[in-house]
Structures are given as C-alpha cells and as structure tokens.
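Report on the structure given below.
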Amino acid sequence: MSKILFIEEDQKWRNHLKKALVPPHDLSYWPDGKDFLALLRREEYEIVLLNVRQGQADGFGLLKQIKSVNPYTPVVVTSDIEEASLIVESIKKGAFDFVPMPFSKEKIELSIKRALENRHLKNEIDYLRREQDIIYDFDRITAHSQSMKQVIVTLSKYAKTDSTILITGETGTGKSFLSGSVHFNSVRRSKPFININCANIPENLLESELFGHEKGAFTGANKTRVGRLEQGRDGTVLLDEIGEMSPALQAKLLRVLEEKSFERVGGNKTIHSDVRIVAATNKEPEDLVAEGKFREDLYYRINVLRVHLPALRERKECIEPLAVLLLDKACRKLKKKIEGFSSEALEALRAYRWPGNIRELANTIERASILEESNLIQVDSIMLPESIKAAPKEEFTSHRTMDSIKDKEKEMVVRALEECFWVQKEAASLLGISPRVLNYKIKSLGITHGRWRKNK
C-alpha cells in the first residue's frame, strides 16, 4: 500500500480517483484546511497527484513547493486541458508524468505504478551510493597492522591531490580496491571509475579498449567504439598490471599523461579527456625498466606518488579481522549462519603463507562456509594446501586415511557444484581452482550428473 496525496478541490474528481485507487492505496486529499508545506514536511507521501486547471495561477507554484520540500517524491500532474505547452511546462517544472482528464482507472494506475517504480529505483541508487561511500571509506578499511595503517594514511593524503599514483604489491593484496578508495575519496568521486586489467586483454584488443576505434578501423570494426579513457573523462582510470602493456601502447599512454589527449584507432580526430591515472603492478617497475620491458620516461610519469601494499603474510594482524569480515559476507551470500572460527581454524589461517593474499583468503573462507555444518568454521573445512603438507607423514600411510581425504574432497566438489547449479565454470571459481583442474577432479572422483551431456 502506498501513501498518495491528491491535490484537488473538486469532490467529483476526488471520488473518481478514490474508486480508481482505493484499495490498495492510502489516499489523502488537499486542500482540507491544513497548511500545505507543514503537511508535506510532516507526512511522507510516496506520490503526489496535482491537478492543474486552465487559468490557475498557483498550479505550478504548488509543484515547485512540493519539489523543494520533497525533491524525490514523484509528482503526477493531471489536468482537464491537454495542450502540448502545458505538458512540456509540467515536465520542465519537475513533474514525473502528465495524465489528461478524464482518465481511466487503467491509465492512472499505470502512471502510479511507473512513478512508484521510479521512486524505488532512486531510493535504491541512493542507498547503493551511501553503501559505496561506506565501503570505500578509509576509516572503515580493515587495517590492523602498522604497515597497512601507514598505507591508508598515505593513500588518504594522495586522494586529495590529482597526481598520478603507482601502487605496487603482490597479486590479491587489494590494489584494485584501494584504487577505488582513492577515487571515491577524491574530488572526482561523482565521475566514472574505470578499472582496466592490462594482463587480461590481448595486446591487439587493449589499444581499442583504451582509446576506442573508428568504424572500419580493422576487420570486425562495424561501428565506432568509445574507449575507456574517453568514457572515464574527468574521472579516474586504474591501469592494473600496467607492466604487461606493450611498448607501443606505453608510448600512447605517455601522451595521455602529458597532453590529456589521444586519437581513436583508425581515426585522426584528437580527443581530449582529463583522467587521473592510477597504475598498479605486481612486479618491480625498476626491474622492468632495467630489462627494457617498460619505458623509462613513462615510469617517471607514473611514479609521482607511490605506495607499496605488503603481502598478507607480512601483516598477520589483519588475517583474523579479514577472515571474520569475509565469513560474514560469505554467509550472507550462502544464506547460512556461522558464528565464527574455532581456535584451531584461526591458528591454521595465521600459519598459512597466503601466496594468493586476500583473494585466496576470500576463496578459502567461502569454500569453508559451504562445507561447514556446525556453527563454527572447523580446521577440516578450511583445507589449506600447506596444512596438508605439514601434517605428520604417518597420517598418510594408511589407505583408510587416503580414502577419507578423497571422500572429503569429493564432498567439497559436489557441494560447490550444487551451490552453482552444476555449472562447472562457476563451481571452479567458487573453489578457487581452474575449470581444467575441476574437470580433472570430476573425472578422477567419479562425479556425474544428469544435466551433463556426457558423464565420463
């Protein structure tokens, strides 16, 4: 049920609307002797219906007052005159829709439905924006080690500038996430944040991805394409794994940094785009320069502000709070209730070296959440490779123990497949392994399913 305010003096039209909308809506009327602005401030209406009559001086004045008090409340204008000028004026003044009178029950219901959907969409967008601010708030980032606290302090200072930033660190340490934090805490926050992974895009496609292309620039270029640097105008562009970029593209990128301009592939029109570049790499850029794989002049242009993200094994104080945070996220996704970790499980998490860093930790926690059936994550559900290697040799000497491990692995794979509705690619991602490895395990463990065309 929605609360709707109908601004109409004529009792005939009040009754007509009441028959059309009640039930299911809660319909109120004005004027009824109450102060209009006080009514709007006191009551929260999801929609306002405003009747504007010919020659009525204050019709659009009321519309202006409504939008000034409740700017997100959709206003549907009704009128017994249907003139193009009136319709255009209504929309220009902020009305969501215009419905001429007399209107049918179906027509007014359709307008109400569309207005409600629009309001709910705006509320959702507003909520997501607030959530986004919370996610990228430097004060809310999990940083319990001294090294990470210093990283956050440094990046919060960098965010206030407009200079190019270079972020180094191993794969999975959070370079992409922290680049987003820099953007959403900068003056460019209302503009686009574009994330491009240079290692995931083939070299022959990366140039078009970055700079765009003109129609006919190459085989298959059936239409003009706007590149990511152009899409991100006035915003921030993250060039992740920039060390994988070819020397030719490095030269074009250097011009973007120096002149804020470029041409699309196959074009000769100069395009200007003011973007802030954040570059990230899991390699030592100085080594790449020494090996001749990275232009020295580009290195100096991106190495204006620099920060290094320590590996997870170097900030063990962060492991437990991150694990708790990731467990909560996994439980919400899986709709499970797990209260925390056993002491043995936490010890195993701290002892592991985490070569995949936070990304590997996230996959491990999600996998454990799928396997765990108690209210605490137990060490057996974590299944870390090094924990198996570190186990006493005698534990693996009996066939019974080996069969138990095999059964546990099969159970884990089957649960992942069930969670992903037996889509192998998604299950592989959930397990943190490649589809090829998953396919091997399915065959070796004898897992079959009726949906698959072939059960080998």
task: Using only C-alpha positions, report the orientation-averaged shadow area of the convex hull of the range 140-310, nm², one decimal.
output: 10.0
- prompt: Which pairs in the list K215/K260; K3/K105; K92/K215 are over 25 Å apart, alpha-carbon to alpha-carbon?
  reply: K92/K215
- request: Past 24 Å, Cα to Cα, is the threshold; run K223/K269; K335/K443; K337/K408; K191/K316; K252/K283 against it and keep the listed order.
  value: K335/K443; K191/K316
Bridge type composition, the chain - antiparallel percent by DSSP, nearest 5: 10
- prompt: Taking other Cβ within 10 Å of each residue's Cβ, how do F262, F36 sort, fewest first?
  reply: F36, F262
field: Length-normalised contact order of the chain in % [C-alpha pairs under 8 Å, at least 6 apart]
entry: 11
Structure-based [θ]222 nm, the chain - -39500 (n - 2.57) summed over DSSP H runs of at least 4, per residue, nearest 500: -14500 deg cm²/dmol
Unit Cα scatterers, Debye sum, the range 3-131: log10 I(q)/I(0) for q = 0.14 Å⁻¹: -0.60
message: Quick check on the exposure proxy: order C318, C420 from fewest to most C-beta atoms within 10 angstrom.
response: C420, C318
message: Going by Cα centres, the range 144-208 and the range 405-450 are how many Å apart?
response: 34
task: Would you be so kind as to identify which of L49, H272, C420 lies farthest towards the positive end of the dipole of the chain, taking Lys and Arg as +1 and Asp and Glu as -1 on Cβ and the Cα centre as origin?
output: C420
message: Quick check: residue separation of E83 and R306 times 0.36 nm, minus the Cα distance between them. What number comes out in nm?
response: 74.2 nm
task: Go through L166, I302, L63 and say which Cα lies farthest out towards the positive end of the charge dipole of the chain; charges sit on Cβ, +1 for Lys and Arg, -1 for Asp and Glu.
output: L63
field: Furthest towards positive pole of dipole, A351, S147, L110, structure part the chain, Cβ charges
entry: L110
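How big is the charge dipole of the chain about its Cα centre, in debye rounded to the nearest 20, if each Lys and Arg gets +1 on its Cβ and each Asp and Glu gets -1 on its Cβ? Present the calculation step by step, with values, prior to reporting the outcome.
Working: 73 positive and 67 negative charges, 150 e Å.
Dipole about the Cα centre, nearest 20: 720 debye.
When a footprinting reagent is the concern and you count Cβ atoms within 10 Å, what order do R264, R436, R315 take, fewest first?
Ordered from fewest to most neighbouring Cβ atoms within 10 Å, R264, R436, R315 come out as R436, R315, R264.
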query: Across 10 Å bins from 0, what is the distribution of all Cα-Cα pair distances for the chain, in whole percents?
result: 4, 15, 17, 17, 19, 16, 9, 3, 1, 0
- request: Can you tell me the 0 to 90 degree angle between the C-alpha axis of helix 247-259 and the longest principal axis of the chain, rounded to 10?
  value: 40
- request: Multiply the residue gap between K105 and A351 by 0.36 nm, knock off their C-alpha separation, and tell me the result in nm, one decimal place.
  value: 81.8 nm
task: Report the extension gain between D139 and D162 in nm, rounded to one decimal, defined as 0.36 nm multiplied by the number of residues separating them, less their alpha carbon distance.
output: 6.2 nm
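We did not get these values from a lab; they are worked out from the coordinates using the rules stated. Computed from a predicted structure; not experimentally measured. FYI the Cβ positions are ideal-geometry reconstructions off the backbone, even for glycines, and counts take in every protein chain you see.
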